[in-house]
Amino acid sequence: PGNLEFASHYEAFAGRPPGDTAALTYDAVGLLAATALRVGSVESNSLRQGLADGTVYQGISGPVSHIHSGNPARAVVLLRF
């Protein structure tokens with residue numbers, strides 16, 4: 001349901017359907033913004049620590065977390081089959 005709502009809002013705003021990576025980009029920005037708000041800083045070390053603390057961000061494309069690494073732990077996203 002979140003994907004359909006996102007696609008509908010995106011198309012209303014942009015005048016075209018979202019591309020392959022629109023939801024992933026939206027989630028990346030949302031994850032960074034949520035982390036900055038949670039840790040109360042946009043300083044790089046604070047953001048890095050905030051991302052690595054294991055907090056799960058529920059994005060449009062599914063849950064995302066960075067558990068003690070620089071790589072996101074998330075479900076697989078297939079862009080094309």
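The values are calculated or read from the model by the stated rules, or taken from the named source; none is laboratory data. Model, not experiment: these values are computed from the prediction. Backbone-built Cβ (ideal geometry, glycine too); neighbour counts: all protein chains shown. Ligands, DNA and RNA are stripped out before the accessible areas are found, and what is left, the full protein with its side chains, is counted by its heavy atoms. Shrake-Rupley method; radii C 1.70, N 1.55, O 1.52, S 1.80 Å.
Taking 8 Å as the Cα distance limit and 6 or more residues as the minimum spacing, I'd like the relative contact order of the chain as a percentage. Display every interim value, and only then the final one.
Values: 81 pairs, mean separation 17.5, N = 81.
Result for the chain is 22 percent.
Tally up the carbon and sulfur contribution to the accessible surface of the chain as a whole percent, 1.4 Å probe, everything protein left in place.
Details: 3560 of 5800 Å².
C and S atoms contribute 61 percent here.
I'd like to check one number: the per residue accessible area of the chain, probe 1.4 Å, reported in Å² as a whole number.
Numbers: 5800 Å² over 81 residues.
About 72 Å² of surface per residue is accessible.
Treat every Asp and Glu Cβ in the chain as -1 and every Lys and Arg Cβ as +1, leave all other atoms uncharged, and give the resulting dipole magnitude about the Cα centre to the nearest 20 debye. Before the final figure, lay out each step's value.
Values: 5 positive and 6 negative charges, 25 e Å.
Once rounded to the nearest 20, the dipole reads 120 debye.
Test of understanding: extend the Cα→C-beta vector of Leu47 to 7 Å, then name every residue of region 14-40 with backbone N under 17 Å from that spot.
25-40
Rounded to the nearest 500, what is the 222 nm mean residue ellipticity of the chain from helices alone, with -39500 (n - 2.57) per DSSP H run of 4+ residues and division by all residues? Kindly include the intermediate steps, with their values, before the conclusion.
Details: 3 runs with 40 residues, N = 81.
It comes out at -15500 deg cm²/dmol, rounded to the nearest 500.
Can you compute the modelled spin-label distance between Arg38 and Gln58, with each label point 7 Å from Cα toward Cβ, in nm?
Going by the 7 Å Cα→Cβ label model, 1.3 nm.
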